[in-house]
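Okay, structure first, notes after.
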Amino acid sequence: MLVPMAWGSDYKVRRTLEGYTLDIALKKNPPILGKNNIRIEIKDARGQPVINNPVTVNYYMPPMPGMPPMNYTLKAGPQGSGYMATMDFIMTGPWNIVVKTTVAGKQLRLTVPIDVR
């Protein structure tokens, strides 16, 4: 289940995978052309933060005829009880954000479609 959250001005998504809850927040709602911060929080079944795991953020624009691929991957660094990264969208339109991590041997992957304006 993918649930966009409407809290404040951030664009938020929450999903439960393999017993872990992933909360994704983009600082801008809607996401805009240029730099956008993404915050990722991972919590176990007891609601405790999962920290110090490698987290990658892959963001890409779906392929379009006659255009070069726009596909970027970066590591999210630990910050407080979560992880933070800065994405740089170079074009408006549809993008996908894929957050990946491994927790206790379980691979977690969350894809969030967005529309950059």
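The values are calculated or read from the model by the stated rules, or taken from the named source; none is laboratory data. Predicted, not measured: the structure shown is a model, and the values here were computed from it. Reconstructed Cβ throughout: ideal geometry from the backbone, glycine too, with neighbour counts over all protein chains shown. For accessibility, only protein heavy atoms count, side chains too; no ligands or nucleic acids. Shrake-Rupley method; radii C 1.70, N 1.55, O 1.52, S 1.80 Å.
Residues in the range 41-57 that are part of a strand (DSSP E or B) and surrounded by 14 or more Cβ atoms within 10 Å (Cβ to Cβ): Glu41, Ile42, Lys43, Val55, Thr56, Val57. Among the residues of the range 21-40, those that are surrounded by 18 or more Cβ atoms within 10 Å (Cβ to Cβ) and within 21 Å of Ile51 (Cα to Cα) comprise Leu22, Ile24, Ala25, Leu26, Ile38, Arg39, Ile40.
Candidates in the range 78-92 are the residues that are of a type in the set (A, V, I, L, M, F, W, C) and under 11 Å from Tyr59 (Cβ atoms); of these, the one that is surrounded by the fewest Cβ atoms within 10 Å (Cβ to Cβ) is Ile90.
Considering the range 65-74, and only residues there that are open to solvent by 80 Å² or more (accessible area, probe 1.4 Å) and touching a strand residue (DSSP E or B) at 6+ places or on another chain (Cβ under 6 Å), the residue that is nearest to Asn37 (Cα to Cα) turns out to be Thr73. Restricting attention to the range 104-117, the residues being open to solvent by 10 Å² or more (accessible area, probe 1.4 Å) and either among the hydroxyl-bearing types (Ser, Thr, Tyr) or in a strand (DSSP E or B) (or both) number 7. Screening the candidates Tyr72, Tyr83 for the property of being at pLDDT 95 or above, under 21 Å from Leu17 (Cβ atoms), assigned to a strand (DSSP E or B) and out of contact with any Leu (no Cβ under 7 Å at 6 or more places or on another chain) yields one hit, Tyr83.
So that you can scan it fast, the table gives a plain yes or no per residue for (1) part of a loop (DSSP other than H, G, I, E, B); (2) open to solvent by 30 Å² or more (accessible area, probe 1.4 Å); (3) farther than 19 Å from Asn36 by Cα:
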residue	(1), (2), (3)
Tyr59	no, no, no
Pro63	yes, yes, yes
Ala76	no, no, no
Pro94	no, yes, no
